[in-house]
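Written out below as structure tokens is the structure these notes cover.
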Amino acid sequence: MIRLAVKEDLPRILEIYASARRFMREQGNPNQWKEGYPAPSVLEEDMERGCLYVDEWEGTPYGVFFLKEGPDPTYSRIDGEGWRQDTPYGVIHKVASDGTRKGFLHTLMTFARERFSHLRIDTHADNLPMQNALAKEGFSHRGTIYLANGDPRLAYDWLGMEKVLVIGCPGGGKSTFARALRDKTNLPLYSLDMIWHKPDKTTVTREEFDTRLEELLHLPRFLIEGNYSRTLERRLEACDTVFLLDYPVEVCLAGVESRIGKKREDMPWVETEFDPEFREFILKFAAERLPHIYKCLEDAKGKRVVIFRSREEAASFLETL
């Protein structure tokens, strides 16, 4: 559970930072945090300002971090590509855990994303574990910033969802989830089925499809729903966020059954029967298609990947937006 830190937490917080400094030295990063950093007086000031948090398990803090709304004066100058947006942002500093529980960085990032749609953070060039973790969390390396004493730090930012993919087995509810996400985010929604299929149940050529898809991928904002695995790697290059609906096969089969005979905005014609070949495709999807999807997601760097195993999980996520 994440909560604001209080003065009674200070002894435990100092232990956490001591543990983090030892870990940094063991990982070949002896220069980022000198002995005694951060000073107790600085931490107490952070507490008074209401921007120091702890994550605790069974009543004992195991992680600590600083989070507040910017601007941060050290981020006013940046060498390199530069920040992607000048919109208000949240600042994350002083991230540390005692190493007793996995997933702390993801937990705190989820907490921060619920409060800010734009985040900035920096780390030392020798801190490879943090750099790798930030890439997995969808942060983008933007250049170099400089602390008050002139020391350089690698600067990263994360932006809220602007270029989004929704993928998964047919029948799982990709289009339903995508429409709900569109309504929450105001992202323009595009269905790949509507691009590929014609109202007379024929299809466009592969070249026509690829041209139209490329036009979408160059838009500043998009929400693209559909699989079309031949183009997945290209779409992953262009997106910042991807949602995978990995549901049990029986859920997907029932989903197709329930839509037979109904008009849908993501298909230019009405399905009148459950095509046997389509049913077979769904039955084999987990074995023949999912491994490729997961491999593509694993290879995609700097993307936010969200996987739902049930419709309940997807609904809970939408409620947080």
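Readers should treat all values here as calculations from the given coordinates under stated rules, not as data from a laboratory. Note that the coordinates shown come from a computational prediction; the quantities given were computed from them, not determined experimentally. Using ideal geometry, Cβ is built from the backbone for each residue, glycine included, and neighbour counts are taken over all protein chains shown.
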Where Rh is the Kirkwood radius over the Cα pairs of segment 183-224, the temperature 10 °C and the viscosity 1.306 mPa s, what D in µm²/s does Stokes-Einstein return? 141 µm²/s
Segment 26-161: C-alpha gyration tensor shape, a/c 1.5 cut-off, then a/b vs b/c: rounded
Set K174/K263; K68/K174; K102/K303; K174/K284; K163/K295 screened for pairs whose C-alpha atoms are more than 24 Å apart: K68/K174
What angle do you read, to the nearest 10 degrees and between 0 and 90, between the alpha-carbon axis of helix 249-259 and the longest principal axis of the chain? 50 degrees
Apply the Karplus curve 6.51 cos²θ - 1.76 cosθ + 1.60, θ = phi - 60°, to the phi angles in segment 120-134 and return the couplings in whole Hz, x for Gly and Pro. 10, 7, 9, 8, 6, 4, 8, 8, 5, x, 5, 4, 5, 5, 5
Beyond 18 Å, how much of the Cα-Cα pair distribution for segment 94-166 remains, as a whole percent? 43 percent
To make sure I understand, if each residue's beta carbon is the centre and we count other beta carbons within 10 Å, what order do K263, K184, K163 fall in, fewest to most? K263, K184, K163
On a full-extension model of 0.36 nm per residue, what is the gain between S316 and D126, subtracting their alpha-carbon distance, rounded to one decimal in nm? 64.6 nm
Sort out for me the Cα centre separation of segment 181-244 from segment 90-168, rounded to whole Å. 28 Å
For C296, C51, C169, ascending order of other Cβ atoms within 10 Å (fewest first) is C296, C51, C169
5 Å is the cut-off here: which amide hydrogens, built 1.01 Å from N in the peptide plane, fall below it relative to F274, excluding neighbours closer than 5 in sequence? none
Note, segment 140-155: 3J(HN,Hα) by Karplus (6.51, -1.76, 1.60, θ = phi - 60°), whole Hz, Gly/Pro = x, goes 10, 6, 10, x, 10, 10, 10, 5, 4, 8, x, 5, x, 9, 6, 10
Antiparallel DSSP bridges in the chain: what percent, to the nearest 5? 60 percent
Equivalent-ellipsoid semi-axes of the chain, from the Cα gyration tensor, Å, largest first: 44, 21, 17
List the residues whose amide H sits under 5 Å from the amide H of Y89, counting only those 5 or more places along or on another chain, with H placed 1.01 Å from N in the peptide plane. G70
G138 long-range amide H proximity, modeled H, under 5 Å: G302, K303
Cα gyration tensor shape of segment 163-320, rounded if a/c is under 1.5, else prolate or oblate by comparing a/b with b/c: rounded
Mind listing the phi-derived Karplus ³J(HN,Hα) values for segment 216-222, rounded to whole Hz, using 6.51, -1.76 and 1.60 with θ = phi - 60°, and x for any glycine or proline? 5, 5, 9, 6, x, 9, 7
log10 I(q)/I(0) for segment 241-286, Debye formula on C-alpha points only (no solvent), q = 0.21, 0.23, 0.29, 0.32 Å⁻¹, two decimals, reads -0.82, -0.93, -1.12, -1.16
Run the numbers on the chain and let me know its relative contact order in percent, using alpha-carbon pairs under 8 Å that are six or more apart. 16 percent
Scoring segment 2-159 by relative contact order with C-alpha pairs under 8 Å, at least six apart, yields a percentage of 23 percent
